[in-house]
Structures are given as C-alpha cells and as structure tokens.
Amino acid sequence: MANNTSHLLNQEIDGQETAIAAMPHQDLAPNPDNSSVDDRPTAGQGGDTPYFDIRPASPGAADWLDLIRRDSHVAIAVIHLQTTLGVSTTAQQLLFANQSFCQLTQRHLSPPGQPKSLAQGELLAALSPTDQARLRQRFRRHVLNALLHYHYGVANLVAPRLCHAPLVVSVGDSHGEARQIELHLRTTTSGLRVTDIAPILRDRLTACWSTPPSHDQVTAQLLTQDSDLSLILRGLNPSNYSAEGYVLVEGVDVTQRETSKALTHLLVGREPVLGSDQFGRANQLLKHLFKADDSLLLSAEHSQAQLFLDLDQPEWTTKSYAVDDLQASVFFRATQRGDVLNVPDLSLHCATPCEQDVLKTGARSLLLIPLAMRSGLLGNSPTQMIGLVGLTSTQPYAFDTADCSNATTLIPALTATMRHSVRERFTNIHPSVRWRFEQEAERLSLGLPPAPIVFENVYPLYGISDIRGSSDERNRAIQQDLLTQFNLALAVVKTVQQVLNNALIQQLSLDLADHLTNLEEGISVDSEVSLLRYLQAEVERHFAYFADLSPAIHQAIDTYQAAIDPDHACVYRARAMYDQTINQINGCLRDTWNQWQQTMQAITPHYCDVEATDGIDHMIYAGRSIDPGFTEFQLKSLRYEQLRAVCDCARKGFDLKATYHTTMDITHLVLVQGFTVDICHDETTERLFDVRGTRDTRYEIVKKRIDKACDAETGDRITQPGKLTVVYSTVEEWQEYQRYFRYLHREGLVSNPIEHGAVEPLQGVSGLKFARVPVLAASPD
C-alpha cells in the first residue's frame, strides 16, 4: 500500500451510509492537476494517487472507526451546511465529531447516527473575535470557489493554497489554559455545491470578468486589498446564494510548536532580553514549554562563574563559584558535551557546592541547555562556555527525550541572546567611545581572547565645582539628630525612674545627661556610630522590659520609636534635610553641565564623565583616537567652552545659596594640562578609564588633591567661593588661558582683578601656579 493512504470513516446517519474522509495533510494537499478529493480514484481504478476504501461492513471496521473516534489526537468533525437564497442564516448540522474535537470545543459526543443541529456561530464561540473573523474569512474562500465554479463553469479557480492553508487559533482547555490549535478546512468541488445566485451578486461577479478568468487573475485580485473580488469576498452573505455541502474540519494541538516559535522570536528580536521586562515573558514561555517549576542561569567569564536563581523575582539570587570548582558538576559536563543534558535526579549528582545550592531550592530534575561558542582561532580549539540555561522540576524524572529534542532547537536562539547580552554590557557607555567597546564585544562573542581597550594621546580637561562647608553642615545635622534622639532616650529613662527605684537606672540617666552635655559642645569623627551603638545596647535593648512597667513608660517609648527613621534605625530629620539640600545642589549643577555638554559635543565628540558627591567634578578626554577629525582649533574651542560652562555652574551656585538659605558655598576649579595622556579600560576598577603609564601618574595625583591645595604664600585655599580658579604649569598654558579670561570678561561672565599665586607643593608634585577671577552673577531679565 502506498504511504499516502486516505481513510474513509463511515457512519450510519438517518439510515443512510455516508462516507467521511479524514486524511493526512499531504493527502489533502492539492494535486498538481488540481483534482479534488472526491475526484481521486479508489484503489484499483488507476490514477496517480491510490485511494483505499474499507466499508463498515468489512470485518473489524468498527474497531478502527472507534479508534479514530475516541483515540485520535487529530480533532475531526464533518459539518453539513445549507444556505437558501434570501435567508441570512446558514443551517448547520454536525454529522461527525471525534472525542478530540469534542474536548477541544467542550461539547459532548452525540450517539452515533444522530446528527446535531448547530446554532449560528455555535462552533466559533470558543474562539476570540479575531480568530472567528479569520476562520470565517477562510471559509468564505471555499464558498467563493464554489460561486466562481457555478458562475463561470470552471472548477477550482481559487488557488488551493488560499483555501487550504492552516490557521492557528487559540482555544481555552478545560483547565483554563490557552491551547494553540492548527485548523484545516476542507471542501471539494462536488462536496460544496451552489445552486443559485442573487442577481446583485451575479452582476458583481460579471463586473469583475465577463468571461472566465484564469487562476492567476483570481489570485491577483484576492491578494490585492480592496480589489473588486476582495470586496465581494469580504461582503459575502448567505442570503445572496443557495448552496449545500460538507466541510471537513481538522485540528491539531500545536501549542508546544507555537510556544517554541514565540520564544525564539522573542530571543532573537532586536530588543535585549536579559535585564529587561521581556525576560519575564521569555522565562514564563520557557517554563511553560517544558512544564518546569523554575529556571536558572549560569554564566561564566574568565575564571569566575555566577549562578542566578529566583529569576521570576525582581531581585535575582546570585551565587559565585570558581570555574575550576565546577569541573565535577553536571553543569560542566553539559558544556563539555555541547548537548542538552537531562539530569533525572539531582540528589544523585551533588559533588559540587553549585549543585548543592540548586538542590536546596527544591529542584530534583534538571534540563541543562549549554550555550557555548567556538573560538575563532583555527584548528580544534576548545569551546568557550558563555552560559547555561537550566529548567528545574521538584519531581525526579520530570524531563524526557522529547524535552531534550525541543531544547536543542532553542540553543541557537538562546546563544544569540547570551551573545547579545555580552554586547549590551556596553550600552550605557558614553557614545563617543562606545564603538571601541562594541568592537571588543564582537571579539568576545566570537570566542577571541580579550584585547585591551586603549585611547592614546588624548587631552585631559578636568574641572570641579565643590560645595565648601558641606562637612561642617553635615556635622551640625548629625549633632542635631543625636541631641534629639538622646533627649527622647532621657525622657524614657526619667519616666522609668518614676516607677523603678533602681540604682542602675539612675546611673543610666546620668550617663545620658553627660552625653547630652558633650553633644552640645560638638561631635567627634566617630560620634555618629559610637553614640548610636550606645543607645541600642544600653537603652533600646531594655524597651520591652520598660514598656511593661507602666502606660506612661509605654507612651514615652512610643514617642521615641515614632521619631526613628525606619531606613536608618535612628533619628534622621536634620540629616535628611541636609541630604536633600546636597542632592538638589548636585542635581542643579549636573543639569547645568549636561546642557553645556550638548554644545561641547558639537565641537568634537569626546568622552566626558561626571561624578556627584559634595558637588560635581567632570573629566573630559578628547583627541584623534576618539574623533579622527580632531584638530587644535577644536581643542581650544573645547577648553574655552569648559570655562563658560563652569562659570554658568558658578552662577547657578549663587541662586542655590539664596534658595536654600545655607551657609555652604560652591567653589570652582579647572586644571590645565598641555600634554596628552593615554587612557585604558580596566574591568577590575569602578572607573571606565584609568590613565596609563608613569608619565600620566603625575596628572592623576594632581587631580585628586588639587581642590584642597593652598596658596604657597598665604596658606589660604586656592579655591574661593564665587570665584573661578585655573591651575596651570607653564607660561604657554597661562598665555592661552589669559586670552580666555579676557573673552569671559568681554562676555560679562567674570570681572577683574585676576589674582595670581603659586600652589603649595603637593606630594610628589611642585611648580604649579594658579589664577583666580570673580564670577559675575547673571543679570536679572
């Protein structure tokens, strides 16, 4: 018997024998000669496609019919349809439905031989409005094919691919979960017959073609939006024609395939998955696809590996291990094999701390999907493990070979995601240097060894706007908060004294009074920590006992605890006001600088890093290794623009001092260096760049200490409130900046006089000079 064998399901309906065809998809696909199912010859009749026919009267026929009716995974139904000219509804009868179809549509099996009448749209009720519309549109194409056959006398004018292409719809199962079902509709030339057409429909068809069209003409019209035939198809109404026939409906559950497709689409999309909101959706799809209870990630870079758990939580649990310590683990075995590894019972494979940590989460079964990229070097080089995705189940032996096969198909998409995540490590890097980091990310993604990221011969431009007096202001805030908390503690102890005549409580009261006296005089460096520890150990620890002594004591303790800030576990009112003031000043200075950065970047692309502590400092690097078109004119333009930006920050400082009524001032300094430095990226440091080589170390020393430097003659700080200080080394540097001072004066940004002095020698650095000029407040508009 040929492989493409069709089966005839026979069922007695109203005493008549009816043949119902249910065939594999390849059998139902159109023949090259466009012959329909009913036109195919039975076995022994000749023709290209064998057609095997077993009648129910044959011995054993009832057994295989019952097998298809009750045990087939394909949902099968046959529906008889009838429309009458002038009647807007379609009469529908369900002639046959196997158990899979009934479960799919959540309806009961009818006794054999009894057709069931269906209400209009009853079978579509389980579908969404969108899926209902798509299915109706597909059926209309079958009707249109029959209409064209009736009107022009030519069969199968509508291309079979337009009629028979499957539709994937979503249907809720009995458990409330959405299942993805691939539906196939089948009709035949003799199975769906049109017997009459309304004049208006006949005229519209004739308006399309007065003579029979070709298959290509019909296809072109149907694929063109708002064409005449497309409009006819869209507006087909059962009242415009009389027709009768059978529709075969087949459905296959493709939830797993569609979930895998959706997951792959999500993983290989343009948007990054790791570290984004899309990760939650991808993680849910992954767990749903494999019916897993949880998931994990393992990433390895250089000699360190990190395990990520609790991936469905806002904060992942992270554990670190040395890669060498994973040698005996199932994780390492999976990457060495390069294949998906099914671990039926993890409790039998716990040789390493990493495996033990996973077992503690309740995982018993593991499905490990290794993500490894082969090195770009020639030869049989080892693979570089970049990550591993794990699915876990609380039950042993939860995964099987089908899961391994499905997981294997996901490896390319998961690897692409992990490779993308390597690139995304550099997305927040300054645009002017990001290109070099992206080059390095591409190298790493190909398995090549890391290469140093260096920008040579760049000019440094450093400046700082420092909040003068911030330390004193914070100390006053600490003092005020401690005084408040100690007074509240003393109030609790004095209330206890009224109830408890105890020598120790009297001494505790005297201690608190002594601390208050010392606090009123000032605080030391360790007062904030040591005094709070004292209160916790000597007063707060006994609150539970004190509170039971009397309601008054309980009230005093409530008053104390109400004043405690829950985030800091102490009174934090004055310090909160201080923090808010500092944050507002820093925010204003940063916003001002960022606005100027737009014009500065327009001069030449350059790297700029801004840090905010007590004020802000900025570090600019510019040169040809960053911008190949960099010139000396752009360097001078950038230096002058830096001075203008700092002057604007100084003006903002005047406004901030008035707004917050603070004693704090803001000082401003620019450090000049006429020669270039080399900067390199070091992943072991917090900064993006460090200067390289002993020649450039001097500049780093000066940069770290210059804002606290003093005038060698007077001993005063070289930075003063409301003034711009420029520190330089050579006569040539001063000559350049002297011109800039003249330009600033011309713009009304600074005034005379210009003060000069020498900087006290710093550790290892001497010979620095400074020039200082007052910054003018902005004139009112």
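The values are calculated or read from the model by the stated rules, or taken from the named source; none is laboratory data. Quantities reported herein were computed from a predicted structural model and do not represent experimental measurements. Note that each Cβ is placed from the backbone with ideal geometry, even for glycine, and that neighbours are counted across all protein chains shown. Protein only, heavy atoms only, side chains kept; ligands, DNA and RNA dropped before computing areas. Shrake-Rupley method; radii C 1.70, N 1.55, O 1.52, S 1.80 Å.
If DNA, RNA and ligands are ignored and the probe is 1.4 Å, what is the ranking of Thr409, Thr495 by accessible area, most exposed first?
Thr409, Thr495
Could you tell me the calculated FRET efficiency between Asp579 and Gln327, based on Cβ-Cβ distance and R0 = 51 angstrom, to the nearest 0.05? Spell out each step's value before the answer.
Numbers: r = 49 Å, r/R0 = 0.95.
According to the calculation, E is roughly 0.55.
Say the dipole of region 215-262 comes from +1 at the beta carbon of Lys and Arg and -1 at that of Asp and Glu; which of Thr255, Asn240, His215 then lies farthest toward its positive end?
Checked the options; the winner is Thr255.
Given +1 on the Cβ of Lys and Arg, -1 on the Cβ of Asp and Glu, and no further charges, what dipole in debye does region 557-628 carry about its Cα centre, rounded to the nearest 20? Please report the intermediate quantities before stating the final value.
On the way: 4 positive and 10 negative charges, 40 e Å.
Roughly 200 debye for region 557-628.
Counting only protein heavy atoms and a 1.4 Å probe, tell me what percentage of region 704-781's accessible area is made up of carbon and sulfur. All intermediate terms of the calculation are to be shown ahead of the outcome.
Working: 2080 of 4230 Å².
In region 704-781, the share of accessible area belonging to carbon and sulfur is 49 percent.
Cα to Cα, under 29 Å, and not fewer than 8 places away if on the same chain: which lysines meet these conditions relative to Lys636?
Filter leaves Lys652, Lys703, Lys704, Lys708, Lys723, Lys769.
So what is log10(I(q)/I(0)) for region 509-579 at q = 0.14, 0.20 1/Å, when the Debye sum runs over its Cα atoms only?
-0.53, -1.04
By how many nm would the segment from Glu747 to Ala544 grow when fully extended, if each residue of separation counts as 0.36 nm and the alpha-carbon distance is taken off?
Numbers: separation 203, 0.36 × 203 = 73.08 nm, distance 6.78 nm.
In short, 66.3 nm is gained.
Between Glu732 and Gln763, what is 0.36 nm times their sequence separation minus the Cα-Cα distance? Round to one decimal in nm.
Numbers: separation 31, 0.36 × 31 = 11.16 nm, distance 2.43 nm.
The span from Glu732 to Gln763 would gain 8.7 nm if fully extended.
Gln536 to His756: extension gain in nm, 0.36 nm per residue of separation minus the Cα-Cα distance?
Result: 73.9 nm gained on full extension.
Between region 535-573 and region 696-734, what's the alpha-carbon centroid distance in Å?
Computed from Cα coordinates, the inter-centre distance equals 50 Å.
Compute and list, largest first, the equivalent-ellipsoid semi-axes of region 136-218 from the alpha carbon gyration tensor, each √(5λ) rounded to a whole angstrom.
On the way: eigenvalues 205, 34, 25 Å².
One finds semi-axes of 32, 13, 11 Å for region 136-218.
If you roll a 1.4 Å probe over the heavy atoms of the protein chains, what accessible area per residue do you get for region 450-569, in Å²? Don't skip to the end; give the middle numbers.
Values: 6450 Å² over 120 residues.
Dividing the accessible area of region 450-569 by its residue count gives 54 Å².
Just tell me which lysines come within less than 24 Å, Cα to Cα, of Lys360; anything on the same chain fewer than 8 places away is out.
Lys287, Lys291, Lys319
Over region 543-688, what percent of the accessible surface lies on carbon and sulfur atoms, probe 1.4 Å?
Values: 3530 of 6810 Å².
Solvent-exposed carbon and sulfur of region 543-688 make up 52 percent of the total.
For region 546-685, what mean projected area does the convex hull of the alpha carbons give, in nm²? Don't jump to the answer; show the numbers that get you there.
Numbers: hull surface 53.9 nm².
Across all orientations, region 546-685 yields a mean hull projection of 13.5 nm².
With a 1.4 Å probe and all protein chains left in place, how much accessible area per residue does region 732-781 have, in Å²? Present the calculation step by step, with values, prior to reporting the outcome.
Details: 2930 Å² over 50 residues.
Counting only protein heavy atoms, the per-residue value for region 732-781 is 59 Å².
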